[in-house]
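Derivation of every value follows stated rules applied to the coordinates shown; laboratory data play no part. Source: prediction; values computed, not measured. Heads up, the Cβs are rebuilt from the backbone with ideal geometry, glycines too, and the neighbour counts pull from every protein chain shown.
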Amino acid sequence: MTPWLGPALDYVSSWLDFQLRHQQQPGLAIAVMQGDRLVLEKAWGAADLDGGEALTPRHGFRIASHSKSFTAAGLLKLAEQGHLRLDDSVGRYVQGLHPDIAAATLRQIVSNSAGLTRDGPDAGQFTDRRPYLDKASLLADLAVAPPFPAAQRFKYSNHGFALLGLVIETVMETPYAAWIAREVIAEAGLAETTPGIEGWGGRPRAKGHSGRLPLGRRVVIPADNPGQAMDAAAGFVATAADLARFFAQLSPKAERSLLSPLSRREMSRRHWEDRESALGRHYGLGTISGGQGDWRWFGHSGGFQGFITRTSVFPDQDLTLSVLTNAIDGLAHPWHDGIVQILKRFKEGGAPAPAHGDWRGRWWTLWRCGDLVPVGDTVLIADPALLDPFLDAPEITLIAPDEGRIDRASGFHSPGETVRLNRAADGSVESVQLAGTLVLPEAAMKAEMEARYCAPPAEPLSA
């Protein structure tokens, strides 16, 4: 493992542990790959708030539109094998389509540039108001003229990827689920991924959850809807580790993959810009991409009833990150981005200096908590309540083993002032004097607050 990565992941775990409590989210599972090696796999919270079942890394999640990347990989594999060409019109393989849709190419559909409807005239399948579409219902929606002509703009379409599932069935003369499970999932060495919920069986699976509004509390969303014809677009179930393993193999730099380097480059490159968005996103062939410089990424995200999920590959860093949440307001995206900020800071600063071993931990006051985080030759004062915990983080320079100076900080902090570790009789750090403020471990802060604010009122004096 790269020397800075281990300490970075240690802080990622500590930060996410606090974030789950602070944000009052049901559950979270993450996985990080370096190359083809799983370097972090962890889960927090509950798989089911009603039953109180603890979430583990072995719980499957409805990964929704991550399914599109599996379907795209299957399509590219068929193209490599000569079973089809990406520039073939879809009408060559599927009958009953509107002529404008039939003329669209497989490349346009897999790059979400065919102009197709996103979810048809009734998107109730995504709001638990109707079952997911079967083949006949899907084709009925696709017999209607598309909203835009092909190759005019990026336009996301679940119907389009469901249509690609029908193409695969036609070409291989076998059900989509059976073929994709054998030729993509198994070929990638994934043991905790199925192309639909039916194949997950009795293995542990996270339940979805609503937001706290409008009911004022979260309710469990079963999320056991069969995807039917929509599996190719949104029906897969997987663990965070399997998602990270799969997407790591899509990197053009991966040493092992079910696809050729050429197909992986074509799949992950930026084909279409999402111009109306301020997020700087692009779409490739079944992948979303963004970022700048050597932290450019590609991957996908997903939103199923009760789930928000995100996976990204950073080819120049040889890192893959998967973040899965089981709430409809799950913070997969900001937590993903917060993890990236932590990784960037550790890469820039390097592994902590050995002398900084005791300059770490979470310390509390009445107002908030802060984290001492050694990075390279300095110690940061991070705010774990922030979605970027290192935003404007003051920096401490050590001037003695137990004494430091805040050398770099906003003027609203305490630049130039002293920080001191206070030790107990056994030599452990029991508190920190942070400029003018004494900060304590959580248990000590709780005891202080209970004594000050929660003590029973004094008995009145007798007459």
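Treat each spin label as a single point 7 Å out from the Cα along the C-beta direction, and report the His98 to Glu430 distance in nm.
Taking the simple label geometry, His98 and Glu430 are separated by 7.5 nm.
If you average 1/r across every pair of different Cα atoms in segment 238-316 and take the reciprocal, what Kirkwood value do you get, in Å?
Kirkwood hydrodynamic radius for segment 238-316: 13.2 Å.
Report the calculated FRET efficiency for Gln292 and Arg269 (r = Cβ-Cβ distance, R0 = 22 Å), to the nearest 0.05.
Efficiency for this residue pair is about 0.90.
Out of Gln95, Thr309, Ala278, whose Cα points farthest toward the positive end of the dipole of the chain (charges: +1 Lys, Arg; -1 Asp, Glu; placed on Cβ)?
After comparing all options, I get Gln95.
Which value, in debye to the nearest 20, describes the size of the charge dipole of segment 316-368 about its Cα centre when Lys and Arg Cβ atoms bear +1, Asp and Glu Cβ atoms bear -1, and nothing else is charged?
Result for segment 316-368 is approximately 280 debye, rounded to the nearest 20.
Please give the charge dipole size of the chain, origin at the Cα centre, charges +1 on K and R Cβ atoms and -1 on D and E Cβ atoms. Round to the nearest 20 debye.
With Lys and Arg at +1 and Asp and Glu at -1, about 840 debye.
Identify the GluC sites (Glu not before Pro) of segment 238-333 meeting these criteria: DSSP loop state and at most 14 other C-beta atoms within 10 Å of the C-beta.
Glu255, Glu276
Using the C-alpha gyration tensor of segment 370-461, what are the square roots of 5 times its eigenvalues, in whole angstrom, with the largest one first?
Largest first, segment 370-461 gives 30, 17, 12 Å.
Taking the Cα centre of segment 45-179 as origin, sum charge times position over the Cβ atoms of Lys and Arg (+1) and Asp and Glu (-1), and report the length of that vector in debye to the nearest 20.
The calculated dipole for segment 45-179 is roughly 360 debye.
Quick check for you: which residues of segment 384-403 have the amide N under 11 Å from the point 7 Å beyond the Cα of Tyr453 toward its beta carbon?
Inside the label zone: nothing.
Can you pull the one-decimal nm distance between simple spin-label points at Asp17 and Met1, each 7 Å off the Cα toward Cβ?
1.5 nm
Of Pro261, Leu440, His413, which is farthest towards the positive pole of the chain's charge dipole, taken about the Cα centre with +1 and -1 on the beta-carbons of Lys, Arg and Asp, Glu respectively?
Pro261
Compute the length gained on full extension between Ala278 and Asp392: take 0.36 nm times their separation in residues and subtract their Cα-Cα distance, giving the result in nm to one decimal.
38.7 nm
Within segment 184-207, list the residues whose amide N lies under 12 Å from a label point set 7 Å along Cα→Cβ of Asp128.
In segment 184-207, the label zone of Asp128 (backbone N under 12 Å from the point 7 Å along Cα→Cβ) covers 207.
Taking just the alpha carbons, could you work out the radius of gyration and Dmax for the chain, both in angstroms?
Spelled out, the Cα radius of gyration and Dmax of the chain are 25.5, 99 Å.
Show me the ranking of peptides 212-225, 91-104 by mean Cβ neighbours inside 10 Å, starting with the highest.
91-104, 212-225
Among the listed pairs Lys68/Lys207; Lys42/Lys253; Lys77/Lys253, which are separated by more than 20 Å between their Cα atoms?
Violating the 20 Å limit, Cα to Cα: Lys68/Lys207; Lys42/Lys253.
Under 1.5 on a/c is rounded, so check that first for segment 409-453, then, if it is not, pick prolate when a/b is larger than b/c and oblate when it is not; a ≥ b ≥ c are the square roots of the alpha carbon gyration tensor eigenvalues.
In terms of gyration-tensor shape, oblate.
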